[in-house]
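Okay, so here's the structure we're looking at.
The values are calculated or read from the model by the stated rules, or taken from the named source; none is laboratory data. Nothing here was measured: the structure is a model prediction, and the numbers come from that model. Reconstructed Cβ throughout: ideal geometry from the backbone, glycine too, with neighbour counts over all protein chains shown. Remember, those area values only see protein heavy atoms, side chains included, never the ligands or the DNA or RNA. Shrake-Rupley method; radii C 1.70, N 1.55, O 1.52, S 1.80 Å.
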Amino acid sequence: MLDYPTLKIIWWLLVGVLLIGFAIMDGHDMGVGTLLPFAGQSDEERRVVINTVGPHWDGNQVWFITGGGAIFAAWPLVYATAFSGFYWAMLAVLWALFFRPVGFDYRSKIANPTWRKTWDWGLFIGGAVPPLIFGVAFGNLLQGVPFHFDDNLMSYYTGSFWALLNPFALVAGVVSSAMITMHGGVYLAHRTEGVIQQRAARFASWAAVVMILAFAGAGIWLTQGIDGFRITSAVNQAALPNPMSKTVVREAGAWLHNFQQTPVLWALPALGFVGAALAALLVRSGKTLSAFVASSLAMTGVITTAGFAMFPFVMPSSTDPRSSLTVWDSVSSHLTLGIMFWATMIFTPIVITYTGWAYSVMRGKVTVAHIRANDHTAY
């Protein structure tokens with residue numbers, strides 16, 4: 001079995017891979033849902049939009065479910081603390097997601113304009129709300145979350161739902177929303193043609209510009225106006241989980257420490273900027289598949305920038321920095337991580353195989369003629 005510190009790092013990387021996979025695979029579904037009321041101007045056009053993701057959107061939820069399960073099993077303290085502190089935010093995500101299965105399955109069952117338009121906006125909510133809340137959550141993580149542990153490692157959250165909606169977190173939410181909208185617009189442009197493709201390309205390029213500006217603004221704000229966290233005591237990387245065994249301080253510029261120590265990490269935010277700019281240029285020039293790759297790289301750059309900036313912190317505490325949860329002290333046992341690692345080695349190829357199939361679906365175009373010819377099976 002691999003040693004305990006190595007497994008802790010491996011699971012930090014695996015959770016990151018799952019987050020990136022979720023953003024790329026389920027993200028383009030959510031982005032399409034966000035653009036649904038705007039990219040499709042008539043009922044038939046909106047059915048075209050829906051049918052670009054309708055056949056496989058639920059399979060992409062595997063990334064979301066697997067990511068949640070991995071956090072629960074690998075980082076139980078993070079899972080418990082986050083779900084208690086972000087309880088209402090998580091409920092808002094779930095409530096928004098409820099619109100997706102019902103909307104996809106029942107939206108076109110009744111040929112009533114009011115019925116269909118209602119579900120169109122339901123699918124918009126299901127696509128737009130989760131990315132916004134996920135971005136707001138990351139914005140709060142970078143500022144620190146108001147929680148602490150007592151001597152029995154019972155966590156106490158002292159914030160509120162409305163406190164989560166602070167200015168910096170909302171900027172992070174704009175980054176996330178624009179990123180997902182860009183990705184969905186690129187995907188929609190790749191799967192459609194004509195006027196729908198033109199609208200999708202236009203929305204995707206606008207979203208890319210918003211993402212670039214918001215990402216730059218958030219980065220400047222983070223480095224100039226928000227204190228980061230730094231461990232000041234010795235860390236026993238092989239120790240059993242105990243977040244109270246360390247000392248932590250808050251100081252300006254701490255989130256840049258890893259980038260200063262390892263300059264190659266600056267390639268990650270650069271990937272976010274360059275990928276988004278390329279996605280905008282490529283999608284407007286009709287190179288939609290290349291634009292999808294560029295958009296995926298942009299999202300990878302944004303997510304990994306946040307992850308490596310915070311490392312080894314996973315969930316910093318603003319009220320009691322010592323209670324902050326890190327890669328070293330918030331994980332499951334050595335045995336649990338080892339068993340999960342080998343299970344992951346078995347099942348990950350299955351998930352990747354499905355991902356390959358989902359991407360193969362992208363080869364065909366969805367058109368109004370297609371919807372009319374397959375009206376009984378189309379969404």
Problem - Spatially proximal lysines relative to residue 109 (Cα-Cα < 18 Å; intrachain offsets below 8 disregarded) - result: 117
Completion exercise
Mean Cβ-within-10 Å packing, highest first, puts peptides 11-22, 55-66 in the order 11-22, 55-66
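Express in nm, to one decimal, how much length is gained between residue 121 and residue 343 on full extension, taking 0.36 nm for each residue of separation and deducting their alpha carbon distance.
Additional length available on full extension: 76.0 nm.
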Completion exercise
Of 186-193, 88-95, ordering from highest average Cβ density within 10 Å down gives 186-193, 88-95
Practice task
Return the lysines within reach of residue 246: Cα separation strictly under 27 angstrom, same-chain partners fewer than 8 residues apart disregarded; answer none if there are no such residues.
Solution key: 8
Practice task
As a check on your grasp of the helix formula, calculate [θ] at 222 nm for the chain: sum -39500 (n - 2.57) over DSSP H runs of n ≥ 4, divide by the residue count, round to the nearest 500.
Solution key: -23500 deg cm²/dmol
Problem - Residues with amide H under 5 Å from that of residue 320, placed H, sequence gap 5 or more - result: 147
Fill in the blank from the handout: Taking a crude spin-label model, label points 7 Å out from Cα along the C-beta direction, the residue 235 to residue 293 distance in nm is 3.6 nm
Handout entry: Protection-proxy order for peptides 175-182, 110-117, each taking the mean of Cβ atoms within 10 Å per residue, highest first
Key = 175-182, 110-117
Exercise for the section: Enumerate the aspartates and glutamates that residue 287 could reach by cross-link, defined here as Cα to Cα under 13 Å, with residues fewer than 8 away along the same chain left out. Expected result: 193
Practice task
Classify the range 286-359 as rounded, prolate or oblate from the Cα gyration tensor: take a ≥ b ≥ c as the square roots of its eigenvalues, call it rounded if a/c is under 1.5, otherwise prolate when a/b beats b/c and oblate if not.
Solution key: oblate
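State whether the range 71-229 is rounded, prolate or oblate according to the following rule on the C-alpha gyration tensor (a ≥ b ≥ c being the square roots of its eigenvalues): a/c under 1.5 gives rounded; otherwise a/b larger than b/c gives prolate, and the remaining case gives oblate.
oblate
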Problem - Accessible surface of the range 1-122 [probe 1.4 Å, protein heavy atoms]: carbon and sulfur percent - result: 73 percent
Practice task
Assuming a ≥ b ≥ c are the square roots of the Cα gyration tensor eigenvalues, decide whether the range 236-356 counts as rounded (a/c under 1.5), prolate (otherwise, with a/b larger than b/c) or oblate.
Solution key: oblate
